[in-house]
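> This is the structure I want to talk about, given as structure tokens.
The values are calculated or read from the model by the stated rules, or taken from the named source; none is laboratory data. The structure presented is a predicted model; accordingly, all values stated were derived computationally and were not measured. Neighbour counts are summed over all protein chains in view; Cβ atoms, including those assigned to glycine, are modelled from backbone coordinates with ideal geometry.
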Amino acid sequence: MKVVLFARVSTNIQDYDRQINELTGLAKRNGWEIAASFAEKVSGAKKNNERTELLRMVEYVEANHINKVVVTELSRLGRDTLQVLEVIEMFNAKGISLYIQNYNIETLTDDGKVNPMSQFLITILAEVARMERKTIKERMDSGYQNFRANGGLVGRKQGYRKSDEAMKEEYAEEIRLLKRGYSLRNVSKLTHTSVNTLRKLTIKFC
């Protein structure tokens, strides 16, 4: 079985060699063939569309029909629950299993079905994500009301329209993924850009 190794550290003074070495040993013990390794030095709190190596890894496993991605721990995929959950759900939909070394658990069984234990983990993540979204919404609503109460105006200026160049710069990663043939739904999951916006980008630039 071909697998892809993925490692992440948060700062430039940290080294991901330990993670790669651990995962390499794990692959050898299990008889897995390592097709590729991806590693990045980036904060796990960053959004998926700001993580070049994560996006490259997702592209690679899809293009090369890889069945398994291996990480030392779930936080290597990221520390933002919503972002991690979206990657796992996308993997599940495409039949790609995620092996989490410190939990000794895979998201899919050998026949490609969702592992009940991993589903339990994902359910917990989903609930945490729901609570995070609720907290964020409450903070935004509170800030919005406070802004309005102090005379602030909301919304775009009348007649405002972004130039094509500004859109290209702002949505460079989205356009790149769309041109590579990713579906609107998958690009939306990876980048948190609405499907309607992606449709406009497709019409204009793809």
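> Every residue in segment 43-78 that is among the charged types (D, E, K, R), assigned to a loop (DSSP other than H, G, I, E, B), surrounded by fewer than 21 Cβ atoms within 10 Å (Cβ to Cβ) and without any contact (Cβ under 8 Å) to a residue 40 or more places away in the chain, please.
Taking segment 43-78 as the starting set, the residues that turn out to be among the charged types (D, E, K, R) are 46-47, 50-51, 53, 56, 59, 62, 68, 73, 76.
So of that shortlist, the ones also assigned to a loop (DSSP other than H, G, I, E, B) come out as 46-47, 51, 73.
In the following step, the residues that additionally are surrounded by fewer than 21 Cβ atoms within 10 Å (Cβ to Cβ) were identified as 46-47, 73.
Of everything in segment 43-78, those that are among the charged types (D, E, K, R), assigned to a loop (DSSP other than H, G, I, E, B), surrounded by fewer than 21 Cβ atoms within 10 Å (Cβ to Cβ) and without any contact (Cβ under 8 Å) to a residue 40 or more places away in the chain turn out to be 46, 73.
> Hey, could you check segment 26-42 for residues that are hydrophobic (A, V, I, L, M, F, W, C) and either outside any helix (DSSP H, G or I) or in contact with a helix residue (DSSP H, G or I) (Cβ under 9 Å, 6 or more places away or on another chain) (or both) and say which is farthest from residue 8 (Cα to Cα)?
Looking at the filtered set, the residue picked out is 32.
> Given the structure, is residue 91 assigned to a helix (DSSP H, G or I), aromatic (Phe, Trp, Tyr), crowded, with 18+ Cβ neighbours inside 10 Å and not assigned by TED's automatic domain parsing to the domain that holds residue 174?
The answer is yes for residue 91.
> Here's another thing I want to ask about it. Could you please let me know if residue 97 is among the hydroxyl-bearing types (Ser, Thr, Tyr), under 21 Å from residue 187 (Cα atoms) and in contact with a helix residue (DSSP H, G or I) (Cβ under 9 Å, 6 or more places away or on another chain)?
Details: among the hydroxyl-bearing types (Ser, Thr, Tyr): yes; under 21 Å from residue 187 (Cα atoms): yes; in contact with a helix residue (DSSP H, G or I) (Cβ under 9 Å, 6 or more places away or on another chain): yes.
Judged against the criteria, residue 97 is a match.
> Which members of segment 1-21 meet the condition of being within 14 Å of residue 71 (Cα to Cα) and either among the β-branched types (Val, Ile, Thr) or surrounded by fewer than 16 Cβ atoms within 10 Å (Cβ to Cβ) (or both)? Working first, answer last.
Restricting attention to segment 1-21, the residues satisfying the condition of being within 14 Å of residue 71 (Cα to Cα) are 3-9, 16-21.
Matches in segment 1-21: 3, 4, 9, 17, 18, 20, 21.
> Among the numbered conditions (1) surrounded by 10 or more Cβ atoms within 10 Å (Cβ to Cβ); (2) modelled with pLDDT of 70 or more, tell me where residue 165 comes up short.
For residue 165, the exception is condition (1).
> Also, quick follow-up: So if I check each of 27, 36, which one is surrounded by fewer than 17 Cβ atoms within 10 Å (Cβ to Cβ) and either free of Cβ contacts under 8 Å to residues at least 40 places away in the same chain or not assigned by TED's automatic domain parsing to the domain that holds residue 174 (or both)? Give the derivation first.
Numbers: 27 fails: surrounded by fewer than 17 Cβ atoms within 10 Å (Cβ to Cβ).
Criteria check complete, one pass: 36.
> Filter segment 94-114 down to the residues that are over 28 Å from residue 174 (Cα atoms) and either in the same structural domain as residue 189 (by TED's automatic domain parsing) or not polar (S, T, N, Q) (or both) and list them by number.
Across segment 94-114, the qualifying residues are 100, 103, 105, 106, 108, 110, 111, 112, 113, 114.
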